[in-house]
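Notes follow the structure.
Each value in this text was obtained by applying a stated rule to the coordinates, not by laboratory testing. This is a predicted model, so every value here is computed, not measured. Cβ sites come from the backbone with ideal geometry, for glycine too, and all protein chains shown count toward neighbours.
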Amino acid sequence: EMMKDVLGLTFLETTLKEKLHLDEVIVVSGDSDHSPLVKKEMGRACAQCIMNHLQDDEVVAVAGGTTLAAVAEMMIPLGHRRNVLFVPARGGLGENVENQANTICAKIAERAHGKYRLLHVPDQLSKEAYESIIEEPEIKDLLKIIRSAKMLVHGIGDAQTMAERRKTPKEDFEKIKKGKAVGEAFGYYFNQKGEVVHKVQTVGMQLEDLKNIRNVIAVAGGASKAKAIKAYMNQSLATILVTDEVAAKELLREL
Ligand code: BG6
C-alpha cells in the first residue's frame, strides 16, 4: 500500500472510482500491453479481489480471454470458504481453446481447490438451435446455476481486435463496424456511449442478468483498451475494475 502511494496509484484508484461510480478500483503499476509481467500482476490483484469478496456457497461465473487466463494462473486457494462453484459465464464465443471460458473456469477452480461445471454448447448458434438447446434438461439446470452467480469476473476487449480474433461471420463483422463498436465484453459489442450494437448469440449470462450480481469484476489493462473500458463503463454494470497504470491514466484523460 505504501508503494502504491509513492507511485501515485492510490490517487488513480480513488479518482477513477469516483468518476466511474464503482465500488472499488484496483490499479497495478505498468503497462500490460507491453509487459506479460504486468498482466500477471493484474491477474494476481484480481485473484486477491475475488477472495476479498467471495462468500460460502456462492457461484462465480468467469469469462474467457488472455487476461482471465492470467487471473487463472495467479489464482489462490479458497481457504476457509466453503462450497464455492465456478462456472463459465457464457457458451462458445468463437475463441481458441486456451481463451475459452470453459478452459479458464476449470483452471481457476483447480488452483482455488474449488468445484466447477462446464457448459458444452457449440459456437455461434442459430436462433433455432439456441432455442432448442436451452430446453435440454442438463443445460437448463446449469443455466439456472450460472444465472444465480453472485460474482462475475470478465475481461474487456477492443471491439475490432475481438471481432478479428474470433471467427466472426462476415455479416456480423460488418454490423460491428457499422455500429461503431469500440468495446467488447463476454460477447457483447458496445459503441462509445455504451450501447449494445451486436451480441454473439449464445447461452448463459445475458447483459440484463448483470444487475442481479453483487460483484461484477471487470479486469482489463493497456492503453489500447482505454476506449473499450470507457465504453463498457457507460453501461455501468460493473462494480469493480482491476486495471493497470497506463489504462488508468488514459481513461482519466477520456473522462
Ligand atoms: C473474451 C471475453 O474471451 O476475452 C471478453 O469473453 C473479453 O469478456 C475478451 O473482452 C478480452 O480478451 P483479452 O485476451 O484481451 O483479455
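The table below lists the values:
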| item | result |
| --- | --- |
| Scattering profile of region 136-247 at q = 0.16, 0.17 Å⁻¹ [log10 I(q)/I(0), Debye over alpha-carbon scatterers] | -0.74, -0.82 |
| Ranked by how many other beta carbons lie within 10 Å on average, peptides 59-67, 176-184 from highest | 59-67, 176-184 |
| Partner lysines for residue 175 [C-alpha distance under 29 Å; skip if fewer than 8 residues away on the same chain] | 127, 167, 193, 199, 211, 225, 227, 230 |
| Rounded to 5, percent antiparallel among DSSP beta bridges of the chain | 30 percent |
| Pair residue 253, residue 234: separation of 7 Å Cα→Cβ label points (nm) | 1.9 nm |
| Contour minus Cα-Cα distance for residue 177 and residue 206 (0.36 nm per residue) | 8.2 nm |
| P(r) of the chain over all Cα-Cα pairs, binned every 10 Å from zero, in whole percent | 8, 33, 38, 18, 3, 0 |
| FRET E, pair residue 7, residue 126, Förster distance 51 Å, beta-carbon r, rounded to 0.05 | 0.55 |
| Which of 52, 68, 35, positive extreme of dipole for region 1-69 (C-beta unit charges) | 35 |
| Residue 19 versus residue 148: modelled label distance in nm, points set 7 Å from Cα along the beta carbon direction | 4.0 nm |
| Theoretical FRET efficiency, 1/(1+(r/R0)^6), r = Cβ-Cβ of residue 96 and residue 214, R0 45 Å, to 0.05 | 0.90 |
| Expected 222 nm ellipticity per residue - DSSP helices of 4 or more, -39500 (n - 2.57), all of the chain, to 500 | -12000 deg cm²/dmol |
| Length-normalised contact order for region 1-64 - Cα pairs under 8 Å, 6+ apart - percent | 18 percent |
